[in-house]
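The values are calculated or read from the model by the stated rules, or taken from the named source; none is laboratory data. All values derive from a computational prediction rather than experimental measurement. Here Cβ is always computed from backbone atoms with ideal geometry, including for glycine, and neighbour counts include all displayed protein chains.
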Amino acid sequence: MKHLSKKEYSELTQKFSPPSKVGRNCLWAFAVGGAICLLGEILRQNFLSMGMEKDLAGLAVSTSLIALSAITTALGWYHRLACHAGAGTLVPITGFANAVVSPAIEFKCEGMVTGVGSKMFVIAGPVIVYGVLASEVYGIIWYFMNRF
Amino acid sequence: MDCCKKGDTLFFKQPPSIAGFAAVGGKKEGEGPLRECFDLLFEDNSLGEPTWEKSESSLQRYCIEQLMKKTQCTMNQIDYVLAGDLQNQCTASAYTLRGLDVQFLGLYGACSTMTEGLGVASVLAAGGMAKRVVAMASSHFCAAERQFRTPLEYGGKRTPTAQWTVTAAGALLVEPEGAGPFVQAVTFGRVRDFQVTDATNMGAAMAPAAAETILRYFQDSGYNPEQFDGIYTGDLGEVGSKLLLEILEQNGLCLKNHFDCGTIIYDLENQEVQCGGSGCGCSAGVLAGKLLPELKKGKLRRILMMSTGALMSQTTALQGESIPGIAHLVEISSVPKEEQL
């Protein structure tokens, strides 16, 4: 085979690889992500009209969406929507719930401790680790800002 | 031994015969254009098993049972089984073979396993070391997703260059002589790595290895592509196929009769498989289900079959290593002597 540099091959690969349909993907993400947020707002208004306090209503919305995501993941519906919606189902809190529930289902066959217990955080784990770390840093900055 | 090695290619003076073939597939494969080609199709990809790994082993078991039934053989007449799959440590094959009392050689060539197995089986048969050798390969979408990618229920969008792991198994019975189709030559591949790190673009990772093997075969044999009814690659998909043709053209070889099993096995327009099928079962299913029956009937006279493999693991991928590719080629004809073609 004639000499073909890695750089030339990389350019060829880019040339022949179809790009993502960015416009269509954005529309899907906007529509589905927006619909999930709208559902959250409808739930919040409902909780408020039931006499719940503002903070508590927000918390109830989050837990309701998480429960809904977990149930639809278990029923095998969530990933079917996600394969079109992309970031629309990934970014809201429902995406996080899906990332925890899906490995828990997948690795159930490896036992409750070594399977479900350890592998349910295989995708969401880094989000928790760096989320907690970032909040610590934010807390320290906040503490010093308020001191002076 | 009745064969000679020229360059990288082994040519058989007494070409071994593929005395039988069987292919089994899953749900999506049954919904594709090759639904009529499989001996057995399963509506439920679990095959009634509690884990996907067991499902793949069952797929292999059904496949080898079909082969034995079609060739009217029993397992105790088989000298060796050469089998491979995509699971860690080739467990789908090993767990299938624990239920069959036969000498077993596990092969790992990633998605190139079918032609690797057929090549080695042909060498064993032509060398007079075996009277009946079975070569088998399988892959299962769910087992592969779980091992190489994300859990099945995880909501993610597939990239346009991704390929869909085929749920299928193919098994072939190779004998030193018989009624054919016949394995005329084998070119075992060399590992090629062009620094592709994108695990969702396997076709690009494997295309240089495919080009290398095919160029070496034509150099060694002195034939030209027009002398074949079809030159089939395993699972390069749409992107890898374009890259292969481009590299070959740069090397002065123009392929007008190239087909890729990954684009044959599914309806790319309607089955949402992005760039096509992949996995050991892709070339195994197409070879055993479509190409060999057509060679047997004389509809095809002479083909080149080249399964392609991406030799990375999840560990090397996470460590940022690039993906090495490999491709093994076999020349198969419907008649024993090439002069008769």
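Details
- The condition (being closer than 28 Å to residue B:240 by Cα, without any contact (Cβ under 8 Å) to a residue 12 or more places away in the chain and of a type in the set (S, T, N, Q)) is satisfied by just one residue among A:49, A:10: A:10.
- Residue list for segment A:64-111, filter: of a type in the set (Gly, Ala, Ser), under 25 Å from residue A:21 (Cβ atoms) and more than 9 Å from chain B (Cβ to nearest Cβ): A:88
- Positions within segment B:314-330 being touching a residue at least 60 places away in the same chain (Cβ under 8 Å) and more than 27 Å from residue B:224 (Cα to Cα), in sequence order: B:314, B:317, B:320, B:321, B:322, B:323, B:324
- Number of the exception - residue B:164 against (1) more than 29 Å from residue A:121 (Cβ to Cβ); (2) within 14 Å of chain A (Cβ to nearest Cβ); (3) buried (at least 21 other Cβ atoms within 10 Å of the Cβ): (1)
- Residues in segment B:25-44 that are over 17 Å from the mean Cα position of the chain (by Cα) and more than 18 Å from residue B:65 (Cα to Cα): B:27, B:28, B:30, B:31, B:32, B:33, B:35, B:36, B:43, B:44.
- Restricting segment A:1-45 to residues that are within 8 Å of chain B (Cβ to nearest Cβ), outside any helix (DSSP H, G or I) and among the small types (Gly, Ala, Ser) leaves a set whose member that is surrounded by the fewest Cβ atoms within 10 Å (Cβ to Cβ) is A:20.
- On the stretch given as segment B:215-240, residues that are at the interface with chain A (Cβ under 10 Å from one of its Cβ atoms) and in contact with a Ser or Thr (Cβ under 8 Å, 6 or more places away or on another chain) total 4.
- Single unsatisfied condition, residue B:72 versus (1) in contact (Cβ under 8 Å) with a residue 24 or more places away in the chain; (2) surrounded by fewer than 20 Cβ atoms within 10 Å (Cβ to Cβ): (1)
- Residue that is nearest to residue B:157 (Cα to Cα), among those in segment A:112-134 that are within 14 Å of chain B (Cβ to nearest Cβ) and within 15 Å of the chain's Cα centre (by Cα): A:123
- All positions within segment B:80-99 that are buried (at least 17 other Cβ atoms within 10 Å of the Cβ) and of a type outside the set (Ser, Thr, Tyr): B:81, B:82, B:83, B:84, B:85, B:86, B:87, B:90, B:92, B:97
- Residue check: residue B:14 meets all listed conditions (1) farther than 30 Å from residue B:222 by Cα; (2) outside any helix (DSSP H, G or I) but one, namely (1).
- Among the residues of segment B:241-282, those that are within 12 Å of chain A (Cβ to nearest Cβ), free of Cβ contacts under 8 Å to residues at least 40 places away in the same chain and not in a loop (DSSP other than H, G, I, E, B) comprise B:241, B:242, B:244, B:245, B:246, B:248, B:249, B:250.
- Scanning segment B:160-184 for residues that are modelled with pLDDT of 90 or more and not in a strand (DSSP E or B) gives B:160, B:161, B:162, B:163, B:166, B:167, B:176, B:177, B:178, B:179, B:181.
- Among the residues examined, residue B:313 qualifies as more than 17 Å from residue B:262 (Cα to Cα) and out of contact with any Asp or Glu (no Cβ under 7 Å at 6 or more places or on another chain).
- Failed condition for residue A:71, given (1) at pLDDT 90 or above; (2) closer than 26 Å to residue A:26 by Cβ: (2)
- Listed conditions (1) over 30 Å from residue A:21 (Cα atoms); (2) within 8 Å of chain B (Cβ to nearest Cβ) are all met by residue A:143, apart from (2).
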